[in-house]
Amino acid sequence: TMALSGTALAQDYPTKPITVVVPFSAGGPTDTVARLVAEAMSQDLGQQVVVQNVGGAGGTLGAGQVATAPNDGYTLLLHHIGMSTAPTLYRSLPYDPLTDFSTIGLITSVPMTLVARKDFEPNTMAELLDYVKANGENITYAHAGIGSASQLCGMLFMEAVDTPMTTVPYQGSGPAMTDIIGGQVDLICDQTTNTTSQILAGEVKAYGVTSSTRLPTLPELPTTREGGLSLEIGVWHGLYAPAGTDPAIIARLEASLQKALTNESVTTRFAELGTYPVTAAEATPEALTQTLTSQIELWRAVIEAAGVYAD
Ligand code: MLT
């Protein structure tokens, strides 16, 4: 019967490589998290866990592809806070993040940093706020599309200074960071995963971190609050399968994810990048569903107040 074959499938799972879709370009923070976790999960599962970058539309293109993928456990989605903002930003979103996916577990929490090309004029957060108010749309702000974390942070920043800048979209904040370092674009608010090493190497100018306290990896960097800017945002990553995936397969992936988050090479690299792995209790379907549900509500109110929509 179907049930028997289903159970048999789950017992042997995985019997072939697994694809994890990252809905942003290679080289960005989401991709970095995914490749570290995928490598550790590959070792645990005995099958290659392969990252596939599907950029576009602020992450909604890649997420939409997984929503309609076969629910056999061989196509997964690794996404971030954008899973909770897209339902409000996109009024014609082709998927429902809550009903079109099976949650597997939370993965990380990641602060964001406001950084600029290294010869950008302002040197402190206070100077940045004055400079943005004075120069507005003559400043270019890079982001990874409407639905990305960098776009969300930029929207909050422009709200806080009540001044629009000229926004420049990329397929991910990997390529955006290349242009910040190259001086082609002025400013970005990006996850520490993608900025810590650039800040420490003096490749970019940093103004503040969006966490409530300073980071051990960047002790010199003030918080946005210290700099007089009320902008606190924490990015979180989650792992998903298409809705209807066999619970036994979800349980196998959940166990593998929890193991990956205590894997020495993952935790060491995360620590260097100011990226915080969640506890095993949070790397669960229930915790991810709870976070996703509450974040959808939280950001719906914020986005509707800002009146920023993609369509
Ligand atoms: C974002 O801004 O949402 C991410 O940084 C995109 C990415 O991971 O490239």
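Yes/no per residue for (1) without any contact (Cβ under 8 Å) to a residue 24 or more places away in the chain; (2) open to solvent by less than 30 Å² (accessible area, probe 1.4 Å); (3) part of a loop (DSSP other than H, G, I, E, B); (4) of a type outside the set (Ser, Thr, Tyr):
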{"position": "Met155", "(1), (2), (3), (4)": "no, yes, no, yes"}
{"position": "Thr163", "(1), (2), (3), (4)": "no, yes, yes, no"}
{"position": "Cys189", "(1), (2), (3), (4)": "no, yes, no, yes"}
{"position": "Asn194", "(1), (2), (3), (4)": "no, yes, no, yes"}
{"position": "Gly227", "(1), (2), (3), (4)": "no, yes, yes, yes"}
{"position": "Glu232", "(1), (2), (3), (4)": "yes, no, yes, yes"}
Q) Between residues in the range 19-30 that are within 10 Å of Gly59 (Cα to Cα) and among the hydroxyl-bearing types (Ser, Thr, Tyr) and residues that are open to solvent by less than 20 Å² (accessible area, probe 1.4 Å) and within 6 Å of the ligand (Cβ to nearest atom), which pairs lie under 6 Å by C-beta distance while being six or more apart or on different chains? A) Ser25/Gly172; Ser25/Gly174
Q: Under 6 Å between Cβ atoms, at least 6 apart or on separate chains: pull out the pairs that start in the range 289-311 with a residue that is surrounded by 11 or more Cβ atoms within 10 Å (Cβ to Cβ) and end on any residue that is part of a helix (DSSP H, G or I) and acidic (Asp, Glu).
A: Ala306/Glu159
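Residue-wise test of (1) over 22 Å from Thr275 (Cα atoms); (2) open to solvent by less than 10 Å² (accessible area, probe 1.4 Å); (3) touching a residue at least 24 places away in the same chain (Cβ under 8 Å); (4) touching a strand residue (DSSP E or B) at 6+ places or on another chain (Cβ under 7 Å).
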{"position": "Ser102", "(1), (2), (3), (4)": "yes, no, yes, yes"}
{"position": "Thr113", "(1), (2), (3), (4)": "no, yes, yes, yes"}
{"position": "Ile139", "(1), (2), (3), (4)": "yes, yes, yes, yes"}
{"position": "His143", "(1), (2), (3), (4)": "no, no, yes, yes"}
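State all residues of the range 131-148 that are in a helix (DSSP H, G or I) and either farther than 24 Å from Val308 by Cβ or β-branched (Val, Ile, Thr) (or both); if no residue qualifies, say none.
From the range 131-148, those in a helix (DSSP H, G or I) are 131-138; that's our starting set.
Hit for the range 131-148 is Val132, nothing else.
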(Q) Here are the criteria: (1) of a type in the set (Phe, Trp, Tyr); (2) open to solvent by less than 20 Å² (accessible area, probe 1.4 Å); (3) within 13 Å of the ligand (Cβ to nearest atom). Tell me which single one Tyr170 does not satisfy. (A) (2)
(Q) Which condition from (1) of a type outside the set (S, T, N, Q); (2) farther than 25 Å from Ala301 by Cα; (3) open to solvent by less than 10 Å² (accessible area, probe 1.4 Å) is the one that Asp130 breaks? (A) (3)
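Taking Pro87, is it surrounded by fewer than 23 Cβ atoms within 10 Å (Cβ to Cβ) and away from the ligand (no atom under 12 Å from the Cβ)?
The answer is yes for Pro87.
Just to check your reading of the model, which residue among Leu215, Leu221 is away from the ligand (no atom under 16 Å from the Cβ), in contact (Cβ under 8 Å) with a residue 40 or more places away in the chain, surrounded by fewer than 22 Cβ atoms within 10 Å (Cβ to Cβ) and more than 18 Å from the chain's Cα centre (by Cα)?
Details: Leu221 fails: surrounded by fewer than 22 Cβ atoms within 10 Å (Cβ to Cβ).
Unique residue meeting the criteria: Leu215.
The values are calculated or read from the model by the stated rules, or taken from the named source; none is laboratory data. Given the structure is predicted, the values throughout are model-derived calculations rather than measurements. No Cβ is skipped: glycine too gets one built from the backbone with ideal geometry, and neighbour counts run over all protein chains shown. Heavy atoms of the whole protein, side chains included, go into the accessibility calculation; ligands, DNA and RNA do not. Shrake-Rupley method; radii C 1.70, N 1.55, O 1.52, S 1.80 Å.
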